[in-house]
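Presented below is the structure to which this report refers.
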Amino acid sequence: MGYEKALAAYIAATNTHDFQNVRKLLDERAVYWFSDKTCESLAEIGQYFENAWKTIEDEVYQATEVQWLITEENTATCIYTYHYEGYYNGEFVQGNGRATNVFKNVDGNWKLVHEHLSSLE
């Protein structure tokens, strides 16, 4: 699987709302920078995802305007605009922001090693 397919698989896994599917695509030392929290372990990342899925029910996550800034044999970095929609307290909500993802090739498998999400504002 190439880095572009790794990003697509990551988005698809996120939309399953099952962290075990996401976990398969993460490096053991993955670090996430969310706008309100830094997660430096897979356990923290998993808790953040689970909480987000409980907060925004039936969330659908998308990536648009993907730009691959660096693509090498063992690393790839992209930026994109993320979009989400779902239900918060029974009301339909949607939003977007900026994302940076860093992937590394581990024995022929591309793993996400870093994600940074922030608002567009």
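Numbers below:
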read-out	value
R0 of 30 Å, Cβ-Cβ distance SER118-ALA43: FRET efficiency to nearest 0.05	0.85
Charge tally in the Cβ shell below 11 Å around GLY46, where Lys, Arg are +1 and Asp, Glu are -1, GLY46 excluded	-2
Principal-axis tilt of helix 42-55 within the chain, Cα atoms, nearest 10 degrees	30 degrees
Relative contact order (percent, whole number), region 46-88, Cα cutoff 8 Å, 6+ residue spacing	44 percent
Helical contribution to [θ] at 222 nm, DSSP H n ≥ 4, -39,500 (n - 2.57), averaged over the chain, rounded to 500	-7500 deg cm²/dmol
The chain - percent relative contact order, Cα under 8 Å, separation 6 or more	25 percent
Interatomic Cα distance distribution for the chain, bins of 10 angstrom, percent	13, 47, 34, 6, 0
Helix axis angle, 3-14 relative to the chain longest principal axis, alpha carbon, degrees	30 degrees
Lys pairs under 15 Å by Cα in the chain, provided they are eight or more residues apart or on distinct chains	5
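Quick note: the coordinates plus some simple rules give every number you see, no bench work behind them. Remember, it's a predicted structure, so these values are computed and weren't measured experimentally. Neighbour counts run over all protein chains shown; Cβ positions are idealised from the backbone, glycine included.
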